[in-house]
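Below: the structure, in structure tokens.
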Protein chains: 2
Amino acid sequence: MEIAKPYLLFLGDAPDALAAKTAAGVVDWRRDWCVGQLRLPGCKADVGLPETDVAEAVARGAKTLVIGVVNAGGVLPEHWLDQIVLALESGLDVASGLHGRLADTPRIAEAAKANGRLLHDVRHSREKFATGKGSKRPGLRLLTVGTDCSVGKKYAALALEAEMRARGLDADFRATGQTGVLIAGRGVAVDAVVADFISGAAEWLTPAADPAHWDVVEGQGSLFHPSFAGVTLGLLHGSQPDAFVVCHEPTRTTMRGVATPLPTIGQVIEATVASGRLTNPTIRCVGIAVNTAALDEAAARAELDRTVAAHGLPASDPVRFGVGPIVDRLVAEFS
Amino acid sequence: MEIAKPYLLFLGDAPDALAAKTAAGVVDWRRDWCVGQLRLPGCKADVGLPETDVAEAVARGAKTLVIGVVNAGGVLPEHWLDQIVLALESGLDVASGLHGRLADTPRIAEAAKANGRLLHDVRHSREKFATGKGSKRPGLRLLTVGTDCSVGKKYAALALEAEMRARGLDADFRATGQTGVLIAGRGVAVDAVVADFISGAAEWLTPAADPAHWDVVEGQGSLFHPSFAGVTLGLLHGSQPDAFVVCHEPTRTTMRGVATPLPTIGQVIEATVASGRLTNPTIRCVGIAVNTAALDEAAARAELDRTVAAHGLPASDPVRFGVGPIVDRLVAEFS
């Protein structure tokens, strides 16, 4: 799946900024790919792009309408259809991270067919994966792992890619979730793959590469999350990382959506090394990304100092302080 | 999914006994549910049931034609269709463990619809699973785990169910693979579930039960298999076993289908406890099932003696010597 760029970001009638966080993520990381935002009456989200209708977007070279908004239930509301169909009739492809498939809406399926356009449902890969092989491939790989879901694994991976590229390293973000795929324009939502093919999908996503090339792989779930640990383990085995970064939110006490207590960073490092060495015997932790959004700056710095001292590893908040110390360690370990 | 009994077992034109191993498994464990076998000209398999055509099977009360044979590629050959359609027209449901869906063959889909019959594709659950919750449920659960795939986890679970029932315990085999589902008449092929729902499917399969009731859960894959460990881990978390039995084939050196070396039994015990305690803090190993088919009887007994001595746990070959010692330990630990 390769989504054609540039994008027109569709925000629909998002009731708040959070509903459009997919669009916001695309703008944060790939602003150059976005010609504008398309909002319906009543839209409360604004990702800071020029207001652009379909005709104008086409004139500016847009290739894909990206549905950058979620709505309750994950289904496509009827009142979004006119603009989506207009986009298809105007020569744009459409990409969506919603649960339901675009083609399950007959008007969309017909318009795509009649106009020869592609529909990208990033939660539903069309790729036929093989089962994982487990054999070592050339190239270097970094995986972000977490003490929980939704602690900043995607953001950390994107920040690492940006910092590594800024230092001249050959690095590519590899998306494993729907928002990541829209940001990267390619990838696979591994949680939507059939269970037998999790590690195979991760191997497909991070193929043999130049020995100095880094895949910077977006992690999913947590080895300690009772709902999703199977996805996490398959992704770990398939991506066979040389290095990993643990992502953590220090104010959380239970895992997202369940009553299970949060593991410690140390437990996550230990479990990731224990499981990861099956496909990469030299796997090691190179840093800790701490999401300090809930702390003031002094508390955030104190938390990072404690984390560095406890684990002997660089720790930073990618949003607040960047990932420089982690990339320093990565470069020192792998050069 | 609940498959109506009794069964007529369809062996097609199986080129050898191995191709009909699904049917053989059903006969091994649920002979009472089988009214006969239906073989096409050239069939080289024979599972020892009376030769029975569709009309005769219906007369004897059969409710479902079970396709108990695989063919190259997992697709349904054209020359099987006449008998399958005849079964549907005669009032039988049809159940299949093949990769392709029965309803993808138009003649089958039409005959099922016209005659109001059910098509069971056991690799494709129709159930809508929730994500796993991870909270403790009443009832007792045993899971078979393995040093590898295809080491006898299903067979061990079925043997344990039989022995536990023979001793008056309230025990139910819970099938997690296509052959197991056909043997049990219900269950879910967890490797065919979408990755996000592996542990949720396992929770659905082993719901809250009487405190003295045992679910005896068929394991899948291995925590040390680089292709399938994600499935294994999700099944472990979702089934939250109180007890587990390690299944092992002592002559194997690499994991099935890949170059990864086999783990030791001790590594599997350690990793299963380490991961399993996330959803059941008191998880423990109660025995080792050794598949000694490749050894003569003296070597098999010596292997079992070594295994008992090395791990301080009962060890037996379920096929050759039964699972009595393992159930002894289970009863001693949980009474």
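Any read-out appearing in this document is the output of simple, stated calculations on the displayed coordinates, not a laboratory observation. If you're wondering where the values come from, they're calculated on a predicted model, not measured in any experiment. Quick reminder, even Gly has a Cβ in these numbers, built from the backbone with ideal geometry, and neighbours come from all protein chains shown.
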Counting other C-beta atoms within 10 Å, and keeping those with at most 16, which DSSP coil GluC sites (Glu not before Pro) do you find in the stretch A:85-135? A:GLU127
Taking H placed 1.01 Å from N in the peptide plane, check which residues at least 5 places from A:GLY146 or on another chain put their amide H under 5 Å from its amide H. A:LEU223, A:CYS247
Rounded to the nearest 0.05, what FRET efficiency do B:ASP104 and A:GLU2 give with R0 = 41 Å and r taken as the Cβ-Cβ distance? Could you check? 0.90
In whole Hz and in residue order, list the ³J(HN,Hα) couplings for the stretch A:52-69 that follow from phi through the Karplus curve 6.51 cos²θ - 1.76 cosθ + 1.60, θ = phi - 60°; x for Gly and Pro. 9, 8, 4, 4, 5, 4, 4, 4, 8, x, 4, 10, 9, 8, 9, 7, x, 9
Under the helix-only model (-39500 (n - 2.57) for each DSSP H run of 4 or more, divided by the residues of the protein assembly as shown), the mean residue ellipticity at 222 nm, to 500 deg cm²/dmol, is -10000 deg cm²/dmol
Could you work out, residue by residue across B:194-204, how many beta carbons of other chains sit within 10 Å of that residue's beta carbon, and then give the average as an integer? 6
The stretch A:264-310: C-alpha gyration tensor shape, a/c 1.5 cut-off, then a/b vs b/c: prolate
Give, as a single signed number, the net charge of other residues whose beta carbon lies under 11 Å from the beta carbon of B:LEU304, with Lys and Arg counted +1 and Asp and Glu -1. -1
Give me the number: length gained by fully extending B:GLN267 to B:GLU127, i.e. 0.36 nm times residue separation minus the C-alpha to C-alpha distance, one decimal in nm. 46.9 nm
Which of these, B:ALA23, B:ALA95, B:ALA166, has the largest mean-square fluctuation under a Gaussian network model of chain B (Cα springs below 10 Å)? B:ALA166
Normalising by the residue count of chain B, find the relative contact order in percent from Cα pairs under 8 Å and 6+ residues apart. 15 percent
Counting Lys +1, Arg +1, Asp -1, Glu -1, what net charge surrounds B:ASN291 among other residues with beta carbon under 11 Å of its beta carbon? -1
For the stretch B:282-293, what does the Karplus curve 6.51 cos²θ - 1.76 cosθ + 1.60, with θ = phi - 60°, yield as ³J(HN,Hα) per residue in whole Hz, taken in order and with x for Gly and Pro? 9, 3, 8, 7, 10, x, 10, 9, 9, 8, 9, 3
